[in-house]
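Student: Before anything else, here's the structure in question.
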Amino acid sequence: MEQQNQLEEMERYAHTIFREDATGHDFYHMKRVAKTGRKIALKEGADPFLTEAIGWMHDIGDHKLFDRPADTIAEAKAFLRRIELEESMIREIFQVCRDISFSKGRIPETLEGKIIQDADRLDAIGAIGIARTFAFGGAASRLIHWPNDPKQSSIQHFYDKLLKLKETLHTDTANQMAEKRHAFMERFLDQFFEEWDMPCDNIR
């Protein structure tokens with residue numbers, strides 16, 4: 001099967017798996033990561049096909065999203081074999097899936113893996129990242145903000161993770177893309193706290 005057809009099949013597969021997700025890890029997140037990854041790969045001299053393929057599959061088996069991650073991974077591997085993807089690429093895809101998470105503190109070994117980690121982190125910051133943060137927070141029953149105990153709030157997530165992401169990026173291309181998004185988050189937080197701390201005399 002030609003590579004373009006394989007990518008189209010992966011896109012359809014990702015749509016089937018993630019189309020109903022309401023946590024910010026939906027089909028359009030997969031599409032942004034896959035396409036952003038391809039764009040970065042072309043600028044950084046990486047394999048654009050492998051990079052995009054990893055992007056379409058990168059959240060398969062995430063324990064936050066699947067009740068039975070091992071079964072989900074096995075099904076995805078079977079799908080990739082059906083569309084005649086090389087075994088070496090299948091191994092690479094799922095190695096990156098294991099290494100990409102911020103919480104695990106790992107760095108993928110290959111340039112393609114590093115690029116998808118960059119693309120995934122770019123999608124966690126800026127305007128889209130803000131929207132995804134509150135989508136995930138709502139799905140997890142987190143409060144927007146709770147000054148007396150902020151640990152489980154969505155606002156605290158900016159300080160625990162999102163504001164740190166720009167410094168973890170691997171490629172020059174991703175770093176350039178991150179500048180505007182990071183600055184937008186900082187402006188958002190300034191505005192958020194200005195509105196949060198407004199006088200409440202007339203609010204019932």
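The values are calculated or read from the model by the stated rules, or taken from the named source; none is laboratory data. Predicted model, so just to flag it, every value in this text is computed and none were measured. In this analysis, Cβ positions are derived from the backbone assuming ideal geometry, glycine residues included, and neighbour counts consider all displayed protein chains. These accessible areas exclude ligands, DNA and RNA; they are computed on the full protein's heavy atoms, side chains included. Shrake-Rupley method; radii C 1.70, N 1.55, O 1.52, S 1.80 Å.
Student: What residue, of 66, 27, 79, 18, is surrounded by fewer than 16 Cβ atoms within 10 Å (Cβ to Cβ) and on the phi < 0 side of the Ramachandran plot?
Tutor: Result of the check over 66, 27, 79, 18: 66.
Student: Name every residue in the range 1-35 that is among the small types (Gly, Ala, Ser) and more than 22 Å from residue 78 (Cβ to Cβ), in order of residue number. Please lay out each step first, then the result.
Tutor: In the first step, residues of the range 1-35 are kept if they are among the small types (Gly, Ala, Ser); the result is 14, 22, 24, 34.
Across the range 1-35, the qualifying residues are 22, 24.
Student: Related question: Filter the range 82-96 down to the residues that are open to solvent by 40 Å² or more (accessible area, probe 1.4 Å) and in a helix (DSSP H, G or I) and list them by number. Before the answer, list the steps.
Tutor: Taking the range 82-96 first, the residues open to solvent by 40 Å² or more (accessible area, probe 1.4 Å) are 82, 84, 86-88, 91, 95.
Residues satisfying the conditions are 82, 87, 88, 91, 95.
Student: Turning to a different aspect of this structure: Kindly establish whether residue 172 is modelled with pLDDT of 95 or more and within 30 Å of residue 111 (Cα to Cα).
Tutor: Yes: the conditions hold for residue 172.
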